[in-house]
C-alpha cells in the first residue's frame, strides 16, 4: 500500500521526532507528501499563573512558538529529502486528538504517523492518550512509533 499524504502531528518533543523520522522514511519510499501539523492549545493560555493577565499576548506567544517549531521541523524534513507542507491550527478547549482527526479529514491525509509515550496503567488513566484517541477515531490508518525503550517485549 502506498501512502501519498502523510499527516505528522509535531510539537517539538523527542517523541514527536520519532514519528517524524518514521514518516520521512515512508515519504521517501513512496514519493508521498509530508503534512506537518502543529496544534496550538489555547487552553494553556487560560491556565497561566498570571492572574488577570491579558491572554492576547499569551496566545500570540503560543502561535509564534508553534510557527518556529514548524519551521525548524520542516527544515529538518527538507534536509532528509522530504517536501513538507506545514499547518498551524488552534484548539480551544477540546482534545488535541480531535483536532488531529479533523485535520486528517480536511487535508485528505491517507496515513497519520505519531510518536507515542506508550503510557500504561495509572499514568495513562491520569494523563490520557491522544495517540489512543487518534487511533480510535481516525478515518485513515495510524502508525504509532513508540518512545525509546518501549515496544521491545517489555510491559510496564
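For this structure, a couple of remarks:
- Taking region 99-131 as the range and being under 16 Å from residue 39 (Cβ atoms), at pLDDT below 95 and assigned to a helix (DSSP H, G or I) as the test, the residues that pass are 130, 131.
- Residues (within 15 Å of residue 9 (Cβ to Cβ) and without any contact (Cβ under 8 Å) to a residue 60 or more places away in the chain) located in region 53-90: 66, 69, 74, 77, 84, 85, 86, 87, 88, 89, 90
- Contact annotation: residue pairs with Cβ atoms under 7 Å, 6 or more positions apart or on different chains, pairing a residue in region 132-151 that is on the phi < 0 side of the Ramachandran plot and in a loop (DSSP other than H, G, I, E, B) with a partner that is surrounded by 16 or more Cβ atoms within 10 Å (Cβ to Cβ) and modelled with pLDDT under 95, are 147/15; 147/18; 147/115; 147/116; 147/117; 147/118; 150/118.
- Selected residue (criterion: modelled with the lowest pLDDT) from residues of region 51-95 that are in a loop (DSSP other than H, G, I, E, B) and surrounded by fewer than 13 Cβ atoms within 10 Å (Cβ to Cβ): 51
The values are calculated or read from the model by the stated rules, or taken from the named source; none is laboratory data. The structure presented is a predicted model; accordingly, all values stated were derived computationally and were not measured. Cβ sites come from the backbone with ideal geometry, for glycine too, and all protein chains shown count toward neighbours.
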